[in-house]
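Shown next, in structure tokens, is the structure this report addresses.
The values are calculated or read from the model by the stated rules, or taken from the named source; none is laboratory data. Owing to the predicted nature of the structure, the values given are computational and were not obtained by experimental measurement. Here the Cβ positions follow ideal geometry from the backbone for every residue, glycine too, while neighbour counts run over all protein chains shown. Remember, those area values only see protein heavy atoms, side chains included, never the ligands or the DNA or RNA. Shrake-Rupley method; radii C 1.70, N 1.55, O 1.52, S 1.80 Å.
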Amino acid sequence: MTENTAVMAAYGLQKAYGSCMALDGASMMVRRGDIYGLVGRNGAGKTTLMRMITGQSAPTGGELELFGAAGKAIRRQRQRTGTMIEIPSFSPFLTARENLEYYRLQRGIPGRQTVDEALELVELTSAGAKKFKSFSLGMKQRLGLGLALMNRPDFLILDEPINGLDPEGVAEFRQILRRLNAERQTTILISSHILSELSSVATRYGFMEQGRIIEEISAEALHDKCRTCLRLEVDDTAKAAAVLQSQLGTDKFEVLPGSVIQLYDCLDDPKRASYALAQNGVALLAMEQKGADLEAYFLSLIGGGRHA
């Protein structure tokens, strides 16, 4: 398998629940070595898509490939995946080690050492004898990750694993994912509705809205797009956009919700932009120079017009 080989590819996936389309033609590709951040609001279709990849739900349309296999051949390839779509039902009265051993036997995973290896990977070795009922949320999430890792997967699928964790728990989880990716070359698909939670770990992003992938972009390209800009708050974004294009000859801007335009031009001469807007009847309510954050970029995709 080469570096750019697709571990998972979806082509126009659909999932209908009666008249409701949970997935409406979703297409995406996760390549070997990616930490792919799937970003979308609650209800965008992220969990439905992940359940389809893991075989927990069947598509009503479109095609899915896993490690190059399609159709019934996907079942065999799913043995190479690890999944944490929700925290598994661990027994509160068993220790971390006993819970993992129970699942190891239930799933027929060979080698008792896999339990100790999993605990070490998720940094729970010292808590191996501690009962699950006394675990913090962060420890419960890490034990769930340990379970997903016991079969040494090539592809790890995680649905909102850092949702609800405190900052320390988020940092610990990120560190573990980086280690897995760097040391084991594990390809990771991780979802969240909060882009900032993924910004320090993802190498590639897919933005999801209303059951579709509306953009795929590398982390490098995304950070380049979130460069320094002039943030203009105006009374009429459509008219302001037309002025920027016709009077300043630029299309290096984005229209965001809330009557805001982020202009990536005129950074050395902001008065030029304000003068052009004023001369053409556009009220400039506020202007500041700033670096666009990742959340604002996501909002520009789902709620504003993109022009840059």
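Using only Cα atoms, what is the ratio of the radius of gyration of the chain to 2.2 N^0.38 Å?
Details: Rg = 22.9 Å, N = 308, 2.2 N^0.38 = 19.4 Å.
Against the compact-globule rule of thumb, the ratio is 1.18.
Round to a whole angstrom and tell me the spacing of the C-alpha centers of the range 148-186 and the range 62-126.
Using only Cα atoms to place each centre, the spacing works out to 13 Å.
Over the chain, what is the mean sequence separation of C-alpha contacts under 8 Å (at least six apart), divided by residue count, expressed as relative contact order in percent?
Details: 581 pairs, mean separation 59.7, N = 308.
It comes to 19 percent, rounded to a whole number.
Give the relative contact order (percent, whole number) for the range 78-159; include only Cα pairs under 8 Å separated by 6+ residues.
Details: 105 pairs, mean separation 43.1, N = 82.
Relative contact order for the range 78-159 comes out at 53 percent.
Percent of accessible area on the chain owned by carbon and sulfur, 1.4 Å probe? Display every interim value, and only then the final one.
Details: 6620 of 14320 Å².
Its accessible area is 46 percent carbon and sulfur atoms.
Translational diffusion coefficient of the range 45-153 at 25 °C, 0.890 mPa s, Stokes-Einstein with Kirkwood Rh over Cα pairs, in µm²/s as a whole number. Walk me through the numbers on the way to the answer.
Values: Rh = 15.0 Å.
After rounding, the answer is 163 µm²/s.
In whole percent, what relative contact order does the range 174-308 give with Cα contacts below 8 Å and a gap of six or more residues?
Details: 191 pairs, mean separation 37.4, N = 135.
This gives 28 percent for the range 174-308.
Using the heavy atoms of the protein chains alone and a 1.4 angstrom probe, what is the accessible area of the chain per residue in square angstrom?
On the way: 14320 Å² over 308 residues.
That works out to 46 Å² for each residue.
Roughly how large, in nm² to one decimal, is the mean projection of the convex hull of the alpha-carbon atoms in the range 158-270? Working shown, then result.
Numbers: hull surface 38.8 nm².
Computing the convex hull of the Cα atoms and averaging its projections yields 9.7 nm².
Please compute the modelled spin-label separation between R112 and T60, points set 7 Å along Cα→Cβ, answer in nm with one decimal.
Each label point is offset 7 Å from its Cα along the Cβ direction, giving 4.9 nm.
With axes computed from alpha carbons, what is the tilt in degrees of helix 270-279 against the longest principal axis of the chain, rounded to the nearest 10 within 0 to 90?
60 degrees
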